[in-house]
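The values are calculated or read from the model by the stated rules, or taken from the named source; none is laboratory data. Since we're looking at a predicted model, the values are computed, not measured. Note that each Cβ is placed from the backbone with ideal geometry, even for glycine, and that neighbours are counted across all protein chains shown.
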Amino acid sequence: MEKVRKILVLCIGIVIYIYVCNITLLPNNIIIFKGEELNFKTFIGIDIRKSKENKAQIIQASKNIGNGENIYTSAGSYEINLDLFGTIPVKEINVNVIDRAKVIPCGDLIGLKMYTSGVLVVGMSEIDGIDNVKYKPYQNSGIKEGDMIVEINNKKITNTDELIKTVNSSNGKSLDIKYVRDEETKTTSMIPIKSINNEYKIGLWVRDATAGVGTLTFYEPSTKNFAALGHGIVDSDTGGIFNIANGELVKSNLVSITKGEKNKPGEIKGFIDSSRSIGQIYKNTNLGVYGNVSNVQNIDSSRNKELDVALRSEIQTGEAEMICELEPGKKEHYKINIEKIYSSNNYDNKSMLIKVTDERILNKTGGIIQGMSGSPIIQNGKFIGAVTNVLVSDPTTGYAIFGDLMIKQMREAG
């Protein structure tokens, strides 16, 4: 009997833990379009109701919210409350309703140059001291890969040259270092070591910039903002999203295409043309890169007209088109198929499963290849999303992000 009771208590504990995790993962703030249905998943027993000011009935949300009762027809900010079994308040969520958007889908091959707000730690190595002993000044300092060093001895550090000069001029005296990890500022200290080449070092490999090639997704004339890639630029050493202070979006000249094969992703290689600036980057996120257009003449949008951004309910499985540049200065529309739609996805860039069907692109690239990320997708005269990923096992198949997710991220980022 005692054993049964322990098992029962354990099971109840696991259920409570799952509920707590589920509730914690729900966002505190949600952005939706005017006329869009609020849509996310919860567990049985979690009820969602609008605040008393909204005068709405409680709705059961053990399945996707989506029965027509939760459509907002006016822009503004609204509050909804999550209750356990209709009685115990567990969470408040703010819903920001924004007007529908219109964008010009692009498809231009572009280059991205990004700069950090300090210097990013990307590695560590021992130092050979002048006494032929190996040292690790960073040991026990708390600093690790992915941290951003922003100050040394109360002096701002904005690039690698400043860090090198500051460390080398220390003459071996302890350095007070301020760094940032997961948006939390921390402090530590290190004693530089004089190396065999008579320079003081702390054993950290750092970086202050990165660059990449991808595809421009859209330009929004009403705000003069742009979106690209549909995913973030990831640091190759740390594996995390590259945290930027600023950046620049420029044109890129197509150099060559490596065709994709099973278990061997293809690639578009481009030359970044710094002389043809498009605009400034203000945000690098896991849902895309965003910024302001300052030189709209450098965007080849002459063939593309302004389109509505589709609601998820308007997207259908079946035929669609993607726009990308596979010849220098030449963009084309290529046929793809929307295989699956993940309507409840508000968290990552795998919103739709897509398959390339156009023989022209299959013959040239084998399907989706690196550099196509951000290629806009059009269906029934509306912008529905952008290409983001390819399945390594099948280059004809990959994922795309919802267009509304990119707009909402752009509004948040801006």
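What's the total number of residues in the stretch 213-261 that are under 16 Å from LEU287 (Cα atoms) and at pLDDT below 90?
Summing the residues that are under 16 Å from LEU287 (Cα atoms) and at pLDDT below 90 in the stretch 213-261 gives 9.
Looking only at residues that are outside any strand (DSSP E or B) and of a type in the set (D, E, K, R) in the stretch 201-241, which one is farthest from ASN295 (Cα to Cα)? Quick ask: steps written out before the conclusion?
In the first step, residues of the stretch 201-241 are kept if they are outside any strand (DSSP E or B); the result is 202-203, 221-224, 229-233, 235-240.
Right, trim to of a type in the set (D, E, K, R) and you get 224, 235, 237.
Working: LYS224: 10, ASP235: 28, ASP237: 33 Å.
The qualifying residue farthest from ASN295 (Cα to Cα) is ASP237.
Residue-by-condition table, conditions (1) surrounded by 18 or more Cβ atoms within 10 Å (Cβ to Cβ); (2) in a strand (DSSP E or B):
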position	(1), (2)
ASN284	yes, yes
TYR290	yes, yes
GLN297	no, no
ASP300	no, no
ALA320	yes, yes
ILE323	yes, yes
LEU326	yes, yes
GLU332	no, yes
LYS335	no, yes
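Go through (1) of a type in the set (Lys, Arg); (2) assigned to a strand (DSSP E or B); (3) in contact (Cβ under 8 Å) with a residue 40 or more places away in the chain; (4) surrounded by fewer than 19 Cβ atoms within 10 Å (Cβ to Cβ) and name the single condition LYS305 misses.
(2)
Condition first: outside any strand (DSSP E or B), surrounded by fewer than 16 Cβ atoms within 10 Å (Cβ to Cβ) and assigned by TED's automatic domain parsing to the domain that holds ASP308. Can you find one or more residues in the stretch 377-385 that meet it?
Looking through the stretch 377-385, at least one residue is outside any strand (DSSP E or B), surrounded by fewer than 16 Cβ atoms within 10 Å (Cβ to Cβ) and assigned by TED's automatic domain parsing to the domain that holds ASP308.
Checking ASN198 against (1) in contact (Cβ under 8 Å) with a residue 60 or more places away in the chain; (2) under 17 Å from LYS136 (Cα atoms); (3) not in a loop (DSSP other than H, G, I, E, B), which test does it fail?
Of everything listed in (1) in contact (Cβ under 8 Å) with a residue 60 or more places away in the chain; (2) under 17 Å from LYS136 (Cα atoms); (3) not in a loop (DSSP other than H, G, I, E, B), ASN198 misses just condition (3).
Does the stretch 214-239 hold any residues that are surrounded by fewer than 21 Cβ atoms within 10 Å (Cβ to Cβ) and of a type outside the set (D, E, K, R), and which are they?
Correct list: PRO221, SER222, THR223, GLY232, VAL234, SER236, THR238, GLY239.
Looking at this structure, is ILE323 β-branched (Val, Ile, Thr) and in contact with a His (Cβ under 6 Å, 6 or more places away or on another chain)? Spell out the reasoning first.
Details: β-branched (Val, Ile, Thr): yes; in contact with a His (Cβ under 6 Å, 6 or more places away or on another chain): yes.
Yes.
ASN171 fails exactly one of the following numbered conditions: (1) modelled with pLDDT of 95 or more; (2) surrounded by fewer than 17 Cβ atoms within 10 Å (Cβ to Cβ). What is the number of that condition?
(1)
Report, ordered by the first and then the second residue, all pairs with beta carbons closer than 6 Å, sequence separation of six or more or different chains, a first member in the stretch 324-343 that is touching a residue at least 40 places away in the same chain (Cβ under 8 Å) and within 25 Å of SER313 (Cα to Cα), and a second member that is surrounded by 14 or more Cβ atoms within 10 Å (Cβ to Cβ) and among the charged types (D, E, K, R).
HIS333/GLU321; GLU339/LYS355; SER343/ARG312
Considering only the stretch 272-282, state which residues are within 30 Å of LEU391 (Cα to Cα) and surrounded by fewer than 14 Cβ atoms within 10 Å (Cβ to Cβ).
Listed by number, the list is empty, since nothing qualifies.
Given the condition assigned to a strand (DSSP E or B), at negative phi and either within 25 Å of the chain's Cα centre (by Cα) or buried (at least 17 other Cβ atoms within 10 Å of the Cβ) (or both), answer yes or no: does some residue in the stretch 131-147 qualify? Break it down into steps so the answer makes sense when it comes.
Initial filter on the stretch 131-147 (assigned to a strand (DSSP E or B)): 134-135.
If we keep only those that are at negative phi too, we end up with 134-135.
Then drop every residue that is not either within 25 Å of the chain's Cα centre (by Cα) or buried (at least 17 other Cβ atoms within 10 Å of the Cβ) (or both), which leaves 135.
Looking through the stretch 131-147, at least one residue is assigned to a strand (DSSP E or B), at negative phi and either within 25 Å of the chain's Cα centre (by Cα) or buried (at least 17 other Cβ atoms within 10 Å of the Cβ) (or both).
Any chance you could count how many residues in the stretch 386-411 are in contact with a strand residue (DSSP E or B) (Cβ under 7 Å, 6 or more places away or on another chain) and in a helix (DSSP H, G or I)? If you could, list the steps in order and put the result at the bottom.
Our first condition is that a residue be in contact with a strand residue (DSSP E or B) (Cβ under 7 Å, 6 or more places away or on another chain); within the stretch 386-411, this holds for 386-391, 395-404, 406-411.
When the remaining residues are screened for being in a helix (DSSP H, G or I), the result is 403-404, 406-411.
Selection size over the stretch 386-411: 8.
Considering only the stretch 308-318, how many residues are assigned to a loop (DSSP other than H, G, I, E, B) and of a type in the set (Ser, Thr, Tyr)? Reasoning before the result, please.
Let us first name the residues in the stretch 308-318 that are assigned to a loop (DSSP other than H, G, I, E, B), namely 310-311, 315-317.
Retained after the next criterion (residues that are of a type in the set (Ser, Thr, Tyr)): 317.
Of the residues in that region, 1 qualify.
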